[in-house]
Amino acid sequence: MEKIILGNTGASESLSVSRIIYGMWRLGDDPDTSPKHIQAKIEACLEQGVSTFDQADIYGAYTAEGLLGAALKQAPALRGQMEIITKCDIVAPIGMHADKRVKYYDSSQPAINQAVDRSLQEMAIEQIDLLLIHRPDPLMDADETGEALDGLIASGKVKTLGVSNFRPWDMDLLQSRMNNRLVANQIEISLAENTALTNGDLAYLQQHKIAPMAWSPLAGGQLLQDSRSPLGMKLKEMAAMHGVAPSSMAVAWLLRHPAAILPVMGSNSIERIKLFGEAMNVQLDRQSWFELLEAAMGHEVA
């Protein structure tokens, strides 16, 4: 499995992550949330070189981090083989925030510090490898948020920093108030949601050498649901040619992009998890890549 180094310039430490990341947002949806079963998922990832795991405080109605922590408490040796990402700033009226009147974002210094302390405790770890601000906060005081994030690096609670769902101008504002570099932006990218190719998001990340992480790389399973659509048929055809699953072909399309996109794959099926790595074996030529894009758009490129 290929590794990508994040944050290799600037004040923050560098972090090496696997090219494919296991997203744990569905961890609490599995009928079996036992530490043993979660450990089996982690091990299925590690066996193929998928060493980076994506969390957020809100996942599973604020329970997913604790489920991971329970598994790590039972198998503490796993922590040394993993890079752990988590996110904060979404406050939704569910779980521990069920008393809130409305869903909102909170990027204030107290909220960030409290969220990080809780994440460390829930996951039973001493340091978060990559902390992301989950959503742009319209009420963000960039000076306060930047100071909070730099402080987390200085304290050793967080190794590297990034954002999620930020547009270029959101990143510029926050970065202008920080000493440490933002090293990643997790945005939605897939064959079905491909606007990042042309709206400036991927261009900005390439320009600034910031890692793009793709959430929902299979469009929440949409890409695989209609095998009779033009895109579904093209994925199936190309997958058969390369001897892989159609899902792996859709991921290979992302991997082909020169921005070095990091797909965040989510599944509770150990058998599907075991297939994550096969996308790395697909070498898409330029025409094949555009064939898939054309099928996704429903027309040829202009």
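Each reported figure results from applying straightforward, stated rules to the coordinates on display, with no laboratory input. Just so you know, these numbers come straight off a predicted model, no measurement behind them. Glycine gets a Cβ as well: all are built from the backbone with ideal geometry, and neighbour counts include every protein chain shown.
Quick notes on this one:
- GluC sites (Glu not before Pro) lying in DSSP loop within the range 1-85, provided at most 12 other Cβ fall within 10 Å: Glu2, Glu47
- With the charge dipole of the chain set up from +1 on Lys and Arg Cβ and -1 on Asp and Glu Cβ about the Cα centre, the Cα lying farthest toward the positive end among the listed residues Leu173, Met140, Ala252 is that of Ala252.
- Most mobile listed residue (Met241, Met82, Met213) in the chain, GNM with C-alpha springs under 10 Å: Met241
- Size of charge dipole - the chain - debye, nearest 20, with Cβ of Lys, Arg +1 and Asp, Glu -1, no other charges: 440 debye
- Summarising the strand pairing of the chain, around 20 percent of its internal DSSP beta bridges are antiparallel.
- Most mobile listed residue (Gly156, Gly80, Gly69) in the chain, GNM with C-alpha springs under 10 Å: Gly80
- Centroid-to-centroid separation of the range 230-292 and the range 108-130 [C-alpha atoms, Å]: 34 Å
- Per the Debye calculation on the range 38-187 with a single equal scatterer at every Cα and no solvent contribution, log₁₀ I(q)/I(0) for q = 0.08, 0.17 Å⁻¹ amounts to -0.22, -0.96.
- Percent of C-alpha pairs per 10 Å bin in the range 147-298, short distances first: 11, 37, 30, 16, 6, 0.
- The range 248-302: GluC sites (Glu not before Pro) in DSSP coil with no more than 16 other Cβ atoms inside 10 Å: Glu300
- Per principal axis, descending, Cα span of the range 169-259 in whole Å: 49, 20, 18
- P(r) tail for the range 1-75: Cα pairs beyond 19 Å make up 42% of the total.
- In nm, spacing of pseudo-spin labels at Trp169 and Lys236 (7 Å Cα→C-beta vector): 4.4 nm
- Listed values for the range 136-145 are Karplus-derived 3J(HN,Hα) couplings in whole Hz (6.51 cos²θ - 1.76 cosθ + 1.60, θ = phi - 60°), namely x, 9, x, 9, 5, 8, 4, 5, 5, 5, and x replaces Gly and Pro.
- Computed over the chain, relative contact order equals 17 percent, with contacts defined as Cα pairs under 8 Å that lie 6+ residues apart.
- Straight-line reach from Lys234: taking Cα to Cα under 12 Å and skipping same-chain neighbours fewer than 8 places apart, the aspartates and glutamates in range are Asp226, Glu291, Glu294.
- The charge dipole of the range 224-302, taken about the Cα centre with unit charges on the Cβ atoms of Lys, Arg (+1) and Asp, Glu (-1), comes to about 180 debye, rounded to the nearest 20.
- Trypsin sites (Lys or Arg not before Pro) within the range 1-89, DSSP loop, no more than 16 other Cβ atoms inside 10 Å: Arg26
- Neighbourhood net charge (13 Å Cβ-Cβ; Lys/Arg +1, Asp/Glu -1) for Met96: -2
- Each principal axis of the Cα cloud of the range 3-297 was taken in turn, and the coordinate range along them, longest first, works out to 52, 42, 39 Å.
- Residue with peak Gaussian network fluctuation, the chain [Cα springs, cutoff 10 Å], from Ile270, Ile187, Ile20: Ile270
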